[in-house]
Structures are given as C-alpha cells and as structure tokens.
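Enquirer: Next up is a structure, given as structure tokens.
The values are calculated or read from the model by the stated rules, or taken from the named source; none is laboratory data. Computed from a predicted model, the values in this text were never measured in an experiment. Positions of Cβ are generated from backbone atoms using ideal geometry, with glycine treated the same way; all protein chains shown enter the neighbour counts.
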Amino acid sequence: MPDLTFHTTDLNKYHFLITGGAGFIGSNLVEYLLKNNAGKVRVLDNLSTGRKENIAEFLSHPAFEFVEGDICDLETCKTAAEGIDFISHQAALGSVPRSVKDPVSTNAVNITGFLNMLVAAKDQQIKRFVYAASSSTYGDSKELPKVEERIGRPLSPYAVTKYVNELYADVFSRLYGISTIGLRYFNIFGPKQDPYGAYAAVIPLFIDAVMNGRSPVINGDGENTRDFTYVENAVQANVKALLTTNSEALNTVYNIAAGEKISLNELFRLISEVLNSTLKPIYGPFREGDIRDSLANLAKAQSTLGYQPTVKVREGLIRTVEYFSSAKHRFNNTEA
C-alpha cells in the first residue's frame, strides 16, 4: 500500500483491536496501523476465512499480537478487548450465496459474534467501535445513488445480518454510550483478497482466471452494476472513523465506495485490457439474492468524516494485478 496517511494524531499511544485481521480488509488495515507506529495492534481471527499468510510479515513486529479465537465465544471477545482503545470489527462470514446456502452459520457469526464484540467493547469502555457494514443493506431499493437514510427490504440472509448489526450498534450507543460508526462497504477489492475460496469475490476470480488463461463466468447478462472500491479507500475510512474528533460523525453509518458505477461486462473489459487478454467471458445464471445495480452517494462520508476516495477502479485494478502477479507463488487452489 502506498505511503499515504489518513490521520494527524500520534498512533503510538493507542492500542487497536482488529477482528478478522487476518482477512482481506483487516490485514490491509493492520499494515497501515503498524507502518504508522501504532502502540499495539492486536488481531482476533479464527482463520476460517482469514489467511495466516496475510499477517505473516507482522508476526515478528514488536507492536503486533495475534490471538487465534472465535467471535462467537463471548469470553474470547472480552479477553481480546482488554487494554484496547479502539476496535475495528471486520470479522464476518461474507458472501450472499453462502448465506443463502447456510443462513444459520451466517447468523451465528454476523449477529451473535457482532453482539459479543459490542458487549466486550461496552465492558472494556472502548473509545470507539467501528464496524464493517454493507451495501447489501439497501436491498431491493431502486434508488441510485444510494443514500444512507433510505434502504429497501433485504434480499438475502447476509443482508439481514448486516442490517441487524446497524440496529444493535445504534441501540448500544443510545443505551450504553458506546461510540460507534458503521461503514457500508461497496464491493471492496485489492491485494490480499482470496481468489480461491468457494465464495470468492468477482474481481479476484476474474483476475485469477484471465492470468491463468481461463474464461471467467459472469453471472447473468453482465449488465449488473457495482461501485467497486479499492481497499485503500476502505482503510482510509476505517482510520478516519476510528480517530475522528467530530462528535457529529458518531453513532451513524456511512457509504464507503468510489462513487463510480461499472457493469460486470465493463469490469471484465478493463481487467482484460490491464492483462492484455483477448479471452471472452462465459455467461451463467443470475445469482440468488443479488441486487441489480449499486452506486453510492458519498456526500455524508465526505462532509462528516472527511472521506475522499484516493484510488479509482482502473488504478486499483492495475495495483491488484501487480500484487497477484508478484504474490502468485503464495496462492494455491486448496480452498476451492
């Protein structure tokens, strides 16, 4: 990640807990905090979807601590939160298709696990609890761009769980005085995203396929649109949410995106262009629970958090391809 800084305060005096810190977004946030001299960065991850490889370079860092544990266990959460100033809660069981196939597991991790972390934050009097919310919360709303205060009906069990997270955070902030901020991510992509999991996201799947001479499968007609967002933008949002001193920024949710709408067909064209490929995609059926179009209104995050996406889609794709090219030897297809 480039050496941009998204904070002005000295991080050396603070201790951070990143749940899901061995995962994609979490490990990128860990990297930022350690590069900027955080006093302590503790990761809680059960490695069910996170990868030890994502944090291997930090294991010998004096300010880094790894706790292998499950957020579904309340005592583990309480122990992990001891001595912590700020929590960034990234741990979750992602994927709409996985939630359709197994709603019970999705509920256990995303709702019970989330509640456990809120209780731990309350008990330890954490200064700030920032959590990964989701654009899936907009559900069947046809409005574009998406505005935080107007949502539709959820289209998947995953979307239900992420909306419940927002409700719990709101209740805990009002009942117990916890300072919370939810970040509604829009299709985050970038380095350290796993291309081989059973529910891998579309960009690493496309890149991996094209790099290996395979035609990727596009679900539906390829005209579904998304606001694809490079991971550096998500890291920026987390840092600014964790450290903001603006009281008006607290106890609410924000869209975190690039503010660009791009179809899957256009995405594939861009990836093919970056990789100099002439492969054609294969079209399959639409996925259950998928929304048709997605685009974020960023006005609230920009005006209140000071969030400003620094990396647009094309530049993000170039960086991601570079990462996958250089790190290819570290990946194998054992998780597919």
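Enquirer: Taking the stretch 22-54 as the search range and keeping residues that are of a type in the set (V, I, T) and touching a residue at least 40 places away in the same chain (Cβ under 8 Å), which one is surrounded by the fewest Cβ atoms within 10 Å (Cβ to Cβ)? Please lay out each step first, then the result.
Expert: Applying the first criterion (of a type in the set (V, I, T)) to the stretch 22-54 yields 25, 30, 41, 43, 49.
Now restrict to residues that are touching a residue at least 40 places away in the same chain (Cβ under 8 Å): 25, 49.
Details: I25: 25, T49: 22.
Restricting to residues being of a type in the set (V, I, T) and touching a residue at least 40 places away in the same chain (Cβ under 8 Å), the top hit is T49.
Enquirer: So which of S173, S179, S99 ends up being in contact with a Phe, Trp or Tyr (Cβ under 9 Å, 6 or more places away or on another chain), closer than 23 Å to L29 by Cα and either surrounded by fewer than 17 Cβ atoms within 10 Å (Cβ to Cβ) or hydroxyl-bearing (S, T, Y) (or both)? Outline the logic, then answer.
Expert: Numbers: S173 fails: closer than 23 Å to L29 by Cα; S99 fails: closer than 23 Å to L29 by Cα.
The conditions single out S179.
Enquirer: Just give me the residues in the stretch 257-283 being farther than 23 Å from E322 by Cβ and touching a residue at least 60 places away in the same chain (Cβ under 8 Å), in sequence order. Let's see the steps before the verdict.
Expert: Of the stretch 257-283, the ones farther than 23 Å from E322 by Cβ are 259, 261, 263, 265, 280, 282-283.
Answer for the stretch 257-283, where residues must be farther than 23 Å from E322 by Cβ and touching a residue at least 60 places away in the same chain (Cβ under 8 Å): G259, K261, K280, I282, Y283.
Enquirer: Another question, then. Out of E68, E57, which single residue is of a type in the set (D, E), without any contact (Cβ under 8 Å) to a residue 60 or more places away in the chain and closer than 25 Å to N107 by Cα?
Expert: On the way: E57 fails: closer than 25 Å to N107 by Cα.
The match here is E68.
Enquirer: Now for a different question. In the stretch 43-62, how many are assigned to a loop (DSSP other than H, G, I, E, B), at pLDDT 95 or above and closer than 25 Å to N116 by Cα? Talk me through it step by step, then tell me what you get.
Expert: Narrowing the stretch 43-62 to residues assigned to a loop (DSSP other than H, G, I, E, B): 46-51, 59-62.
Right, trim to at pLDDT 95 or above and you get 46-47, 59-62.
Adding the requirement that they be closer than 25 Å to N116 by Cα leaves 46-47.
Total meeting the criteria: 2.
Enquirer: Looking only at the stretch 136-158, decide whether some residue is touching a helix residue (DSSP H, G or I) at 6+ places or on another chain (Cβ under 7 Å) and under 25 Å from V41 (Cβ atoms). Working first, answer last.
Expert: We begin by selecting, within the stretch 136-158, every residue touching a helix residue (DSSP H, G or I) at 6+ places or on another chain (Cβ under 7 Å); these are 136-137, 139, 146, 148, 151-152, 154, 156-158.
Next cut, under 25 Å from V41 (Cβ atoms) only: none.
No, the stretch 136-158 contains no residue that is touching a helix residue (DSSP H, G or I) at 6+ places or on another chain (Cβ under 7 Å) and under 25 Å from V41 (Cβ atoms).
Enquirer: What is the number of the single condition among (1) in contact (Cβ under 8 Å) with a residue 40 or more places away in the chain; (2) among the charged types (D, E, K, R); (3) assigned to a helix (DSSP H, G or I); (4) surrounded by fewer than 18 Cβ atoms within 10 Å (Cβ to Cβ) that E75 does not meet?
Expert: With respect to (1) in contact (Cβ under 8 Å) with a residue 40 or more places away in the chain; (2) among the charged types (D, E, K, R); (3) assigned to a helix (DSSP H, G or I); (4) surrounded by fewer than 18 Cβ atoms within 10 Å (Cβ to Cβ), E75 is out only on (1).
Enquirer: Restricting to the stretch 189-240, and then to whatever is part of a strand (DSSP E or B) and at pLDDT 90 or above, can you tell me which residue is farthest from V313 (Cα to Cα)? Lay out the reasoning, then the answer.
Expert: The initial filter retains those residues of the stretch 189-240 that are part of a strand (DSSP E or B), namely 189, 217-219, 225-226, 229-230.
Those still in the list that are at pLDDT 90 or above too: 189, 217-218, 225-226, 229-230.
Details: F189: 9, V217: 20, I218: 18, T225: 13, R226: 11, T229: 7, Y230: 7 Å.
This residue is V217.
Enquirer: If I ask for residues that are part of a helix (DSSP H, G or I) and more than 30 Å from N165 (Cβ to Cβ), which ones from the stretch 245-283 would you list?
Expert: So in the stretch 245-283, the residues part of a helix (DSSP H, G or I) come out as 247-249, 264-274.
N265, E266, F268, R269, L270, I271, S272, E273, V274, listed by residue number.
Enquirer: Starting from the stretch 295-314, take each residue that is closer than 16 Å to F6 by Cβ and list its partners that are of a type in the set (K, R), counting only C-beta distances under 8 angstrom and pairs at least six apart or across chains.
Expert: L305/K240; G306/K240; Y307/K240; V311/R319
Enquirer: Also, I was wondering about something else. Mind listing just one residue for me: the one in the stretch 222-252 that is more than 20 Å from E149 (Cβ to Cβ) and of a type in the set (S, T, Y) and, of those, surrounded by the fewest Cβ atoms within 10 Å (Cβ to Cβ)?
Expert: Taking the stretch 222-252 as the starting set, the residues that turn out to be more than 20 Å from E149 (Cβ to Cβ) are 222-226, 228-236, 238-240, 242-243, 245.
Adding the requirement that they be of a type in the set (S, T, Y) leaves 225, 229-230, 245.
Working: T225: 20, T229: 28, Y230: 24, T245: 8.
Of everything passing the filter in the stretch 222-252, T245 is surrounded by the fewest Cβ atoms within 10 Å (Cβ to Cβ).
Enquirer: Would you please name the residue that is surrounded by the fewest Cβ atoms within 10 Å (Cβ to Cβ), looking only at residues in the stretch 202-216 that are in contact (Cβ under 8 Å) with a residue 40 or more places away in the chain and either of a type outside the set (A, V, I, L, M, F, W, C) or closer than 18 Å to R292 by Cβ (or both)?
Expert: So the residue we want is G213.
Enquirer: So H7 clears everything in (1) in contact (Cβ under 8 Å) with a residue 60 or more places away in the chain; (2) buried (at least 19 other Cβ atoms within 10 Å of the Cβ) except one condition, right? Which one?
Expert: Evaluating H7 over (1) in contact (Cβ under 8 Å) with a residue 60 or more places away in the chain; (2) buried (at least 19 other Cβ atoms within 10 Å of the Cβ) leaves (2) as the failure.
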